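Report on one structure; see the data block that follows.
The values are calculated or read from the model by the stated rules, or taken from the named source; none is laboratory data. These numbers were taken from a predicted model, which means no experiment stands behind them. Neighbour counts are summed over all protein chains in view; Cβ atoms, including those assigned to glycine, are modelled from backbone coordinates with ideal geometry. Note: areas computed on protein heavy atoms with side chains; ligands, DNA, RNA excluded. Shrake-Rupley method; radii C 1.70, N 1.55, O 1.52, S 1.80 Å.
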Amino acid sequence: MTVPATGRGTTTVAPRAVRRIAERAAGEALPEGGVVTRGSASVRGASARISLGVRLPYPVRADEAAGRVREHAQTRTASLTGLSVPHTDIRIDALSVLPASPARQPAEGEPPAADDPAREAEHPIGSVGKGGRMRAQRRVPAAVTAAVGAAGSALLLVDLVAVRLGSTPAAWRTWLVDWASTHGPADTPVRVGGVLAALIGLWLLGCALLPGLRRGLEMTVPAPRLRAALDRTAAARVVQDRTTAVPGVVRARVSTGRRRLRVLAEVGFGDPDQVEAEVVRVVGAALPELGLTRTPTPRVRIRVRARGELHGRPPSTEEPTASTAASTASASGSASDSGSAEWKEV
């Protein structure tokens, strides 16, 4: 017995299923880096109409890419759903920049071309420029201000609603109105309250206007939308390690500011002029390695220990004799008594 086609039941494809199929089909035809941002579908009888939004990589021929996506999504959706798709809308919502591919390294002695992508990847547009200091989020002041304001507004609103409904005003509001009516600007409590309110207002204003994060030094990053900062202590330790590695330097102290970097190096042995020149060279070479947007100006100070001080002198291969030990001890005692030391500033 053969059942007529009209009596075998019906198959309905929901618009949500059509939308999901169309989005997946569009994703198959997108170029590398493209993304389907949104989609919609409507079904009427045996036909469907789909609309898709996509984000394409840059640079790309937008019209050709959109045509391929529309044709593939239309054909694929029709074959998987059994519906006719006479109309398909493709909307390009955005363009995204793909990360630069590894560039060819120039041969030895060959100058890089003017349009070499390696130069653009080394200094992309918008990454080296000064975009202002990084700003602190101020989560604690914002949370405290919001909590206090919300609590006060809630109390006042509840009391006003209660009064409108026929209840009596709250005791705290009655007391506050009576106290304000009997105290003027010349009273001490009013002045103290005004000063406190002014200080709190200045503090909140400073939190809103000042950037904060003074312990961080902004760094140069390879992406325009990426921000990075290096702590001052970390920068000082890097320069200090480089300075103490210089032959002749027995101790070094480094302090880092936003505009200046101060180095205090103590020379224990060797030619002070040569040690000084090497410290200046090492500090100057270490600063660019930190990757800071604004390199602080170095300020180097050299302290030369007295000749009689034994600490920090290079080890001697000769065995000390009695006369040498006596002369060394007397020289050390005279130097420690006089406390002489020579400071040089560069």
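Which residues, counting only those in region 245-299, are open to solvent by 20 Å² or more (accessible area, probe 1.4 Å) and aliphatic (A, V, I, L, M)?
245, 250, 254, 264, 277, 280, 282, 285
Which one of the conditions (1) at pLDDT below 80; (2) surrounded by 12 or more Cβ atoms within 10 Å (Cβ to Cβ) does residue 115 fail to meet, given that it meets all the rest?
Looking at each condition in turn, residue 115 falls short on (2).
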